[in-house]
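Take a look at the structure set out below.
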Amino acid sequence: MKNSGFYKLKFLVTPEEMRSTLELFQQKECRFTLSNYAATTHDLDQVCEAYETYYQYFTAQEKPNYHPHWVYSVACNLDQRTSGFFMKNEGHNFPVQEQWAEDEFPYILLSLPKGFQVNLQDERGNYYIYEDIREHLPLTYALFEETSQSIKKMTKPLRFKVYAGESSEALQEQKPPVRISPSAAQEMSTSWLFEKYGISMSVK
């Protein structure tokens, strides 16, 4: 289907780096909304505090006893109509000694739909098609690009090694489509996740 799918960026940064990223949205007067039934709106401090709780779950030396969760809609009115982005936590599955690890490597997904719904009508009735969002919402797309470039400048491609095969000496490199900042990589390297699975990583 034409213009289907999403523009995506997967990344992990420190809470301080995330704040600088989210400030780009705040400067454009975007609203951060939880994906609950009430669509609760949070201010920048609340969003950052929630991210810090999520981030600390994975960087702690001992595994915390809560379940990390961070999901927001980012609504903007840049193109004379409401549009926006979606940000949520996800995880990369990785193998350890011939089976999948019970935990995942964390990251945040920033996404923007590629298609813009256009309602049409003909003799058979109403229908809609998806046209290129870059033509209908150029300022929203430009903000996505600006944010993506800002994140890319502070991050490098994620590469880490785990003992994936039978042998406890057979290190296998994982190359997920995720970017990580050097500071986040440093803090992750002393975490319970790395200790539990014998993960090694170097981000220069």
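The values are calculated or read from the model by the stated rules, or taken from the named source; none is laboratory data. For clarity, every value in this text was computed on a predicted model and none was experimentally measured. So basically every Cβ, Gly included, is an ideal-geometry build from the backbone, and we count neighbours across all protein chains shown. The area values use the complete protein model at the heavy-atom level, side chains included, leaving out ligands, DNA and RNA. Shrake-Rupley method; radii C 1.70, N 1.55, O 1.52, S 1.80 Å.
Quick notes on this one:
- So CYS76, is it on the phi < 0 side of the Ramachandran plot, at pLDDT below 95, touching a Ser or Thr at 6+ places or on another chain (Cβ under 8 Å) and open to solvent by less than 30 Å² (accessible area, probe 1.4 Å): yes
- Qualifying residue in the range 46-60 (condition: in a strand (DSSP E or B), of a type in the set (Val, Ile, Thr) and open to solvent by 20 Å² or more (accessible area, probe 1.4 Å)): no
- Of all residue pairs spaced 6 or more apart or on separate chains, those with beta-carbon atoms under 9 Å, a first member in the range 118-141 that is at negative phi and a second member that is aliphatic (A, V, I, L, M) and part of a loop (DSSP other than H, G, I, E, B) are TYR130/MET1; LEU137/LEU78; PRO138/LEU78; LEU139/LEU78; THR140/LEU78.
- No other residue among ALA185, ALA170 is without any contact (Cβ under 8 Å) to a residue 12 or more places away in the chain, closer than 30 Å to LYS63 by Cα and aliphatic (A, V, I, L, M) apart from ALA170.
- Only one entry in VAL47, VAL74, VAL13 is under 21 Å from SER189 (Cβ atoms), in contact (Cβ under 8 Å) with a residue 12 or more places away in the chain and among the β-branched types (Val, Ile, Thr), namely VAL13.
- Highlighted here are the strands (runs of 3 or more DSSP E) found entirely within the range 95-180 that include at least 2 residues which are buried (at least 16 other Cβ atoms within 10 Å of the Cβ): 105-113, 115-122, 160-163.
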